[in-house]
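Everything on this sheet refers to the single structure shown next.
The values are calculated or read from the model by the stated rules, or taken from the named source; none is laboratory data. Every value quoted in this text rests on a predicted model; they were computed, and no experiment measured them. Neighbour counts run over all protein chains shown; Cβ positions are idealised from the backbone, glycine included. The area values use the complete protein model at the heavy-atom level, side chains included, leaving out ligands, DNA and RNA. Shrake-Rupley method; radii C 1.70, N 1.55, O 1.52, S 1.80 Å.
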Amino acid sequence: MSRFFSEKYASLIPYTPGEQPQKTGYVKLNTNESPFPPSPRAVKAAYAEAKRLELYPDPECTLLRKTLADTYGLGMENVIATNGSDEALYFAFLAFCDEKHPAVFADVTYGFYSVYAELVGIDYREIPLKDDLTIDVNDYKNAGGTIFLANPNAPTGIQLTKDEIEQVLSTNPDNVVVVDEAYVDFGGESCLSLLGRYDNLLIVRTFSKSRSMAGARLGYAMGSAEMIGDLNTLRYSTNPYNINRMTLAAGTGALEDMEYFVNCTKTVCENREWAKTELQKLGFTVTPSSANFLFAKHAQIGGKELYEKLKQRNVLIRHFEKPRIRDYNRITVGTMEQMNILIRTINAILEEKR
Ligand code: PMP
């Protein structure tokens, strides 16, 4: 730390992203990326736009927002595009949390929520998941703060139903409820249809997972025109050109290729169910995931040990050294070839231990 660093941030512990090894050859199942490339339409559109990089991008993201609005049956004023959904979440913490509105989220959820709360300098309350790692919505009724719910939750993959989300919305009418639907396209139940009825609902989504565009950094949020206006005030106060030209074009291209999106997400769901069954056959306890990853533990091998042994064998998964979940690992669902390697390698590791 330099002697100039603001005292405000001296104790900030930044978010630790998953490893992005520069060495190739790993079966990379650690950061919930898609195992498939982006839609050819997205690639073509980005390529064409690369030739116009001398010009600033459209700060209103008009075409992308129009396509998003049309895709989800909303008005353009209900949509904001962001540099990854992390930026939408950051804006939501800035916009909707303060001394009167502390943040409220689960004790086991997306690790960035507590980092943003610390960065923004607001209090936050973590509500423990139940022993089975599910969320009890009763704990979120009249929660007295701005609620952040990842649905499906990360890293458990377990989802709440739309009815349960509605119970949270209706019992917190004077607080914003941010529903982070990063993984909803893999079989989760979206609460999109509640948008017209609850002005306290903000939905945050990403192109990183189901649209195979983690490298492009594109997310978006959907909510009332007023709430989206608040987020835009912050966006225009920080980085009005937050989405680059190639990403804007790629995003629109990806949305136009519905068939590709449907095929990729369907394949990931099928591969997830196959891998889940195989892991269970090997003795793992696996949470019921509605996301593009599995969360699993084994009685004979600790989470860290399995992670390390897999890494030695060029298979990367994600381990979180957090008390409640350190027995588990999060495994991104890949292609069938990758899933076969995963299962074979785990089998060999378990054999060695016997
Ligand atoms: N929300 C959740 C629950 C996530 O797991 C992630 C991915 N790490 C994000 C948001 C952020 O994704 P991105 O910024 O790539 O859109």
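The table below gives the values:
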{"item": "Qualifying position, being open to solvent by 20 Å² or more (accessible area, probe 1.4 Å) and over 23 Å from PHE320 (Cα atoms), among ASP199, ASP136", "result": "ASP199"}
{"item": "Total residues in the range 312-337, condition surrounded by 19 or more Cβ atoms within 10 Å (Cβ to Cβ) and of a type outside the set (Phe, Trp, Tyr)", "result": "12"}
{"item": "Filter result for THR277 (of a type in the set (Val, Ile, Thr), assigned to a helix (DSSP H, G or I) and either touching a residue at least 24 places away in the same chain (Cβ under 8 Å) or not assigned by TED's automatic domain parsing to the domain that holds TYR110 (or both))", "result": "yes"}
{"item": "Unmet requirement for ALA299, which otherwise passes all of (1) loosely packed, with under 15 Cβ neighbours inside 10 Å; (2) assigned by TED's automatic domain parsing to the domain that holds THR71; (3) small (Gly, Ala, Ser)", "result": "(2)"}
{"item": "The range 133-163, residues that are more than 14 Å from the ligand (Cβ to nearest atom), under 16 Å from PRO288 (Cα atoms) and touching a residue at least 24 places away in the same chain (Cβ under 8 Å)", "result": "LEU133, THR134, THR161"}
{"item": "The range 213-232: number of residues that are within 12 Å of the ligand (Cβ to nearest atom), buried (at least 23 other Cβ atoms within 10 Å of the Cβ) and not in a strand (DSSP E or B)", "result": "3"}
{"item": "Enumeration of residues in the range 107-122 that are near the ligand (Cβ under 9 Å from one of its atoms) and open to solvent by 40 Å² or more (accessible area, probe 1.4 Å)", "result": "TYR110"}
{"item": "Qualifying residue in the range 150-159 (condition: within 25 Å of ILE331 (Cβ to Cβ), of a type outside the set (Asp, Glu) and not in a loop (DSSP other than H, G, I, E, B))", "result": "yes"}
{"item": "Test: residue in the range 75-87 that is more than 16 Å from the ligand (Cβ to nearest atom), out of contact with any Ser or Thr (no Cβ under 8 Å at 6 or more places or on another chain) and open to solvent by 50 Å² or more (accessible area, probe 1.4 Å)", "result": "yes"}
{"item": "Selection count, the range 1-59, where residues are within 16 Å of the ligand (Cβ to nearest atom), among the polar types (S, T, N, Q) and open to solvent by 50 Å² or more (accessible area, probe 1.4 Å)", "result": "2"}
